[in-house]
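The values are calculated or read from the model by the stated rules, or taken from the named source; none is laboratory data. Everything numeric here is computed off the predicted structure, so don't read it as measured data. Because the Cβ atoms are built from the backbone with ideal geometry, glycine has one as well, and the counts that use them run over all protein chains shown. Calculation scope for accessible area: heavy atoms of the full protein, side chains included, ligands and nucleic acids excluded. Shrake-Rupley method; radii C 1.70, N 1.55, O 1.52, S 1.80 Å.
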Amino acid sequence: PSGCGKSTFLRCLNRMNDLFDHVNIKGRVEVKGKNIYDQDVDEVSVRKTVGMVFQQPNPFPKSIYDNITYAPLKHKLVKKGNACDDLVESSLTEAGLWDEVKDKLQSPGTSLSGGQQQRLCIARAIAVKPDILLLDEPTSALDPISTATIENLMTELKSHYSIVIVTH
């Protein structure tokens, strides 16, 4: 049911709850045999390994292109130029969005429809090549056609990523 802690649990898996002062965290979450809450584990590196897509699409107030390249450039996973171009194309293709946006990569991510924005957020999450992808009710704000598209996309993504999904 609503409010039972599904999203809170999901945020425990990539240390997003660290951002809230009132949250008390106990226990262990192990990724590749390492407790992500150990003192020597940097939460930013955890979030690179464990990507997150939220219930409401939340594209950055940047171009479609910059939405994809922001984190990989910040983490020095890719250099500007052809490597970025290739990453944008591959991430958007993997998220099933490339054909719809390839001619408007410099348009704001916020100019896309709700379903396209959610796929952009998925493309942004997978651009850093996480091992795990967390999806928090990724279709709840979408129309039936966009929902079906995202559900089909999740079926394809599960062969490349461990996926944890929260849904009604």
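A few comments on the model shown:
- Tally of residues being of a type in the set (V, I, T) and either open to solvent by 30 Å² or more (accessible area, probe 1.4 Å) or farther than 12 Å from L120 by Cβ (or both) across region 47-69: 3
- Complete set of residues in region 14-28 that are assigned to a loop (DSSP other than H, G, I, E, B) and either open to solvent by 30 Å² or more (accessible area, probe 1.4 Å) or modelled with pLDDT under 85 (or both): F20, D21, H22, V23, N24, I25, K26, G27, R28
- Filter result (in a loop (DSSP other than H, G, I, E, B) and surrounded by 10 or more Cβ atoms within 10 Å (Cβ to Cβ)) within region 29-41: V29, I36, Y37, V41
- Filtered residue count, region 109-163, keeping only those that are in contact (Cβ under 8 Å) with a residue 40 or more places away in the chain, assigned to a strand (DSSP E or B) and open to solvent by 50 Å² or more (accessible area, probe 1.4 Å): 0
- Qualifying residue in region 79-87 (condition: open to solvent by 30 Å² or more (accessible area, probe 1.4 Å), in contact (Cβ under 8 Å) with a residue 40 or more places away in the chain and closer than 22 Å to P61 by Cα): no
- Index of the failed condition, V44 passing every other in (1) farther than 26 Å from L112 by Cα; (2) open to solvent by 50 Å² or more (accessible area, probe 1.4 Å); (3) modelled with pLDDT of 90 or more; (4) in a helix (DSSP H, G or I): (3)
- S91 vs. criteria among the hydroxyl-bearing types (S, T, Y), open to solvent by less than 80 Å² (accessible area, probe 1.4 Å) and at pLDDT below 95: no
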